[in-house]
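A.B. asks: Here it is, the structure in full.
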Amino acid sequence: MSLHAELTQEAQQRLHAQQRNATITSMVAAFLLLVLVGLILGFIFIRPLIQPVEVLVSYSTPTSNEDSVEQKKMTNRVQQKPSSPSSASAAKVIAANVAAPTSVPVPEFDAEISEDFGASSGFGDDWGSGGFTDGGGAGGGGGGMFGSPHGPGLAGTFYDLKQDPQGKPTDMRPQDFEKDGSFQIEAPVNHLYDEEMNRAVRRNLASDALAGFFAAPRQLRLTQLYIPRIEAAEAPKAFEIGDKVQGRRWGIIYRGSVVPPEDGKFRFVGFADDVLVVLANGREALDGSLKSPLRGAERRHSFQQEFTPGGWQTFEGRWLTVKKGVPIELAILTGERPGGHYSGYLLIEKDGAEYAKDALGARKLPLFKMLPSEMPDRGPILPSLGQDTSWSIWPTQG
């Protein structure tokens with residue numbers, strides 16, 4: 001006889017519930033264990049495949065705005081139109097541009113052809129015909145002081161920065177204080193002129209470097225620059241626009257190709273009241289400006305010559321190494337800033353040549369020419385010249 005203990009229905013339900021909970025707990029624990037194992041394995045096998053990315057940091061030194069012009073101290077002093085070389089014209093001398101007793105050597109460069117020089121449109125043909133105003137004196141050779149309407153030479157275009165191409169006034173228009181012929185050398189309007197001249201040079205004096213301003217319809221061709229002290233209004237007269245343009249805040253750009261007659265090292269030497277900048281193959285070869293619009297003008301090398309006003313210096317350019325018969329693209333910028341009077345001259349020097357000396361001991365350099373001509377008369381405040389040589393005449397090409 002055997003005895004069997006039977007569970008009550010309630011006890012059986014609790015037992016099934018416990019078994020079910022135990023099963024669920026085991027499954028959850030197994031799942032979590034698998035996840036943990038997967039994470040560990042993933043960390044072990046995937047980590048070597050991940051390469052850290054290095055962050056590169058570059059540093060650059062601060063740069064200044066290339067088109068900006070050094071600000072000068074303004075003055076409210078009004079100067080009357082000068083009547084003699086020792087008055088207002090001499091007063092235009094800016095102390096910052098006078099060479100110090102110890103000058104910084106002027107660097108040299110090989111005159112290799114620049115790919116971007118003259119990349120803009122060509123020089124154009126001569127405009128119009130007939131006579132033009134000749135201001136007298138030494139001048140541009142083969143015509144008036146600023147050039148001839150025909151023949152060889154660098155093609156020159158006159159620009160009036162006081163008006164745009166349509167003849168509308170610009171920010172450099174005539175000021176109220178200029179109505180009686182007076183001028184303020186350091187007036188803000190003249191600093192605007194400096195900025196535009198600086199910008200034109202930085203654009204290699206291309207044919208469109210001053211395209212935002214009124215251009216005379218007629219071009220003149222320059223074969224030499226040796227202009228005595230004249231009224232600044234003579235320049236627009238030479239381009240037959242004297243009735244439309246006042247003699248202040250104007251500029252002329254001459255452009256063309258010249259051919260060196262000899263191998264050697266040469267440099268341009270010269271001066272202008274107010275602006276004279278020469279580019280050879282797109283690089284600055286001379287800044288002979290009385291009031292330079294360019295940066296670094298205080299580092300120029302200069303010397304005093306006989307007959308030039310005290311404090312006015314003749315500036316030396318960079319040495320150019322040239323080859324006989326290999327053309328050089330030449331661009332010359334000259335201009336007048338506040339008004340009054342203008343003068344300018346461009347000479348040439350060959351390294352190693354011997355020169356006569358003037359009364360101050362300065363060497364007499366020949367005039368840079370692009371066409372043979374007679375020795376010009378020395379006009380007011382111009383230096384004495386050396387004789388023409390076999391290497392001082394560089395004919396134009398084309």
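Taken together, the values in this text are just the output of simple stated rules run on the coordinates, not laboratory data. If you're wondering where the values come from, they're calculated on a predicted model, not measured in any experiment. A quick note on method: Cβ atoms are made from the backbone with ideal geometry, for glycine too, and the neighbour counts reach across all protein chains shown.
A.B. asks: Using label points projected 7 Å from each Cα along Cα→Cβ, tell me how many nm separate D171 and L36, to one decimal.
C.D. replies: About 7.5 nm, to one decimal.
A.B. asks: Which of the pairs K168/K237; K265/K357; K244/K291; K162/K357 have their Cα atoms more than 31 Å apart in this structure?
C.D. replies: Violating the 31 Å limit, Cα to Cα: K162/K357.
A.B. asks: If you add up the charges near L161, with Lys and Arg at +1 and Asp and Glu at -1, over every other residue whose beta carbon is less than 13 angstrom from its beta carbon, what do you get?
C.D. replies: -1
A.B. asks: Express in nm, to one decimal, how much length is gained between H16 and K179 on full extension, taking 0.36 nm for each residue of separation and deducting their alpha carbon distance.
C.D. replies: 47.1 nm
A.B. asks: By the scheme Lys and Arg +1, Asp and Glu -1, what is the net charge of all other residues having a beta-carbon under 14 Å from that of R363? Show your work: numbers first, answer last.
C.D. replies: Values: positive: R267, K350, K357, K364; negative: E306, E316, E349, D351, E354, D358.
Around R363, the surrounding residues sum to -2.
A.B. asks: Please give the length that would be gained between R202 and E354 if that part of the chain were fully extended, namely 0.36 nm times their separation in residues minus their C-alpha to C-alpha distance (nm, one decimal).
C.D. replies: Contour length minus Cα-Cα distance gives 51.2 nm.
A.B. asks: Restricting attention to region 290-398, which chymotrypsin sites (Phe, Trp or Tyr not before Pro) occupy a DSSP loop and are surrounded by at most 16 other Cβ atoms within 10 Å?
C.D. replies: F307, Y355
A.B. asks: Further, regarding this structure: Would you work out the charge dipole size for region 107-397 about its Cα centre, treating the Cβ of every Lys and Arg as +1 and the Cβ of every Asp and Glu as -1, and quote it to the nearest 20 debye?
C.D. replies: 120 debye
A.B. asks: Could you check what % of the DSSP bridge pairs in region 107-397 are antiparallel, to the nearest 5?
C.D. replies: On the way: 59 of 65 bridges.
In region 107-397, DSSP labels about 90 percent of beta bridges as antiparallel.
A.B. asks: Okay, next question. Separation between the M27 and E262 pseudo-spin-labels, each 7 Å from Cα along Cα→Cβ, expressed in nm?
C.D. replies: Rounded to a tenth, the inter-label distance reads 10.8 nm.
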